[in-house]
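Beneath this line is the structure, given in structure tokens, with notes to follow.
The values are calculated or read from the model by the stated rules, or taken from the named source; none is laboratory data. The model shown is predicted, which means the values in this text are computed figures rather than measured ones. Here the Cβ positions follow ideal geometry from the backbone for every residue, glycine too, while neighbour counts run over all protein chains shown. To get the accessible areas, we keep the full protein, side chains included, count just its heavy atoms, and leave off ligands, DNA and RNA. Shrake-Rupley method; radii C 1.70, N 1.55, O 1.52, S 1.80 Å.
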Amino acid sequence: PPATPLSASLILATAATPVHAEDELAAKYGGKGFDSSLVDQTCLVDKCSLSAKACLADDPSCRKGLTCTAKCMGDNSCITGCMARYGNENLDNLLKCTIEDNECIKVAILPGGADSYGEEPLPPAPTVRNFDMMSMEGTWYKVVGFNPNYDCYACQRNTFTSPDSNDVIRNPFNDKLQVDVEFSMPRMLPDGSPPPPSNVREQITRGEDGLVYGSQTIGFNDYATRETMVFDKAGDPASKVANLVLKNGQDEKSYARTAHSEGEMFGLKFWENWYVIGENDPGQPEFKFVYYNGKTRQNTYEGAFVYSRTKELDESAMAKVYSIASDAGMNPDQFCKIRNGCFKDDAIASPPSMYRRVMASTKISQLLGVEPVAAEFVPVKKSSLSLTAQEDGKRKWWHEVGDYLEDPHRHFKVMESLRVTMDWPESVKQQ
């Protein structure tokens, strides 16, 4: 396939990661239009011809996704909406081949790799000292989020397991937990599409700009990813953590990182630093307040969220969560409430019991070939991630043309219109 149309689209599509980086890439290239010096056309032909063909020649949704993201001109919220609407495996593979694996598209403006412990960006508030890694084991729901671009997706559930969770005797030197991440991204089903699947609902809302969104059926793309979270140890003599500790004795405060991870989503790698800046008091319903920052090779990003063992934040925990956010310089009234109604009323998860470890000590999961893989992205297609070529063929031609001519910003506007602002009780606000 010709390289120029592909590269023109990809240059501005590269920020479309699940972690939704900020705007360094847009600031550098977004207003300059197509720069052919950033594209190695020989590389595209020699190393990525198969993934390019799978997208441009064989997959209408992938072609539309490239067109949509290119028109965003580096606006990351716009790109997020495009990926929610058109993102699929072929687009992931093309981004991975041309940007991550072979650098045919030279938009990696930041160095890759995790930040060394003690050299990571500082959090806005002190982190919990001597944090107990094992307190994270089990299932958590993200119930409150801060950054509207990427913390407020629906149906967010994370399950933490230790590599030795099935062993009778735990490894005291283990510093890793596997994290199974689930979330859903809403998308507009296009005009003229076949009847939606059963888990798609219809909702009409009015945005702050007065426009009505959701008049077309809205579906949810369900995703799952698996990462390895590495928890940092303050005793590492090679680190510069001493520079992150203020005062001494009982008033000592640390701004050191709690944990870090590396992952891959939508074909692009990301590296994240996590900071637990608050948690529940003894006897209070469990929660963890997490601030994070991270980067891709194209941009940096940050956000915050609250974990809870239940699908909604317990009212008795709201006062402390509100206080933690305020003390960290984040406006609690700008937080969103994450909608987890898609999950059934599961029993509150807890760390594995000794009985479970004994019963599972034969490592049956390994025998069945389901050994966890760090940072593996696996889309869970409970609902179709994109229209298939057959379904596209059932649509009227003017709908197909309209997909290429549409305003790309409308997709994120729909996502934003579904966001629910956290409603804090007056008693919590007045504390």
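Conditions tested, residue by residue: (1) at pLDDT 80 or above; (2) out of contact with any Leu (no Cβ under 7 Å at 6 or more places or on another chain); (3) open to solvent by 60 Å² or more (accessible area, probe 1.4 Å).
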| residue | (1), (2), (3) |
| --- | --- |
| D314 | yes, yes, yes |
| A328 | yes, yes, no |
| V358 | no, yes, yes |
| V380 | no, yes, no |
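Per-residue answers, yes or no, for (1) of a type outside the set (V, I, T); (2) open to solvent by 10 Å² or more (accessible area, probe 1.4 Å); (3) within 21 Å of A259 (Cβ to Cβ):
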| residue | (1), (2), (3) |
| --- | --- |
| K106 | yes, yes, no |
| V128 | no, yes, yes |
| M136 | yes, no, yes |
| V143 | no, no, yes |
| F146 | yes, yes, yes |
| C155 | yes, yes, no |
| T159 | no, yes, yes |
| S162 | yes, no, yes |
Task: Residue under evaluation L66, criteria (1) open to solvent by less than 20 Å² (accessible area, probe 1.4 Å); (2) at pLDDT 85 or above, criterion not met - done: (2)
Task: K142, sole failed condition from (1) at pLDDT 90 or above; (2) charged (D, E, K, R); (3) outside any strand (DSSP E or B) - done: (3)
- [ ] Those residues that are modelled with pLDDT of 85 or more and outside any loop (DSSP other than H, G, I, E, B), I need them from the stretch 101-119; list them, please.
- [x] D101
- [ ] Might you check whether a residue that is in a helix (DSSP H, G or I), at pLDDT 90 or above, open to solvent by 10 Å² or more (accessible area, probe 1.4 Å) and of a type in the set (S, T, N, Q) occurs anywhere in the stretch 2-17?
- [x] no
TODO: Report the residue count in the stretch 266-290 for those that are more than 24 Å from A317 (Cβ to Cβ) and open to solvent by 10 Å² or more (accessible area, probe 1.4 Å).
DONE: 3
Open item on the list: What pairs come out if I take residues in the stretch 393-422 that are more than 17 Å from I218 (Cα to Cα) and open to solvent by 60 Å² or more (accessible area, probe 1.4 Å) and pair them with residues that are in a loop (DSSP other than H, G, I, E, B) and not β-branched (V, I, T) whose C-beta lies under 7 Å away, six or more apart or interchain?
Closed with: K394/P194; K396/G192
- [ ] Could you list all residues from the stretch 406-423 that are part of a strand (DSSP E or B) and not polar (S, T, N, Q)?
- [x] V420
Open item on the list: Looking at (1) of a type in the set (A, V, I, L, M); (2) farther than 26 Å from M330 by Cβ; (3) open to solvent by less than 40 Å² (accessible area, probe 1.4 Å), which one does I79 not meet, given that it meets all the others?
Closed with: (2)
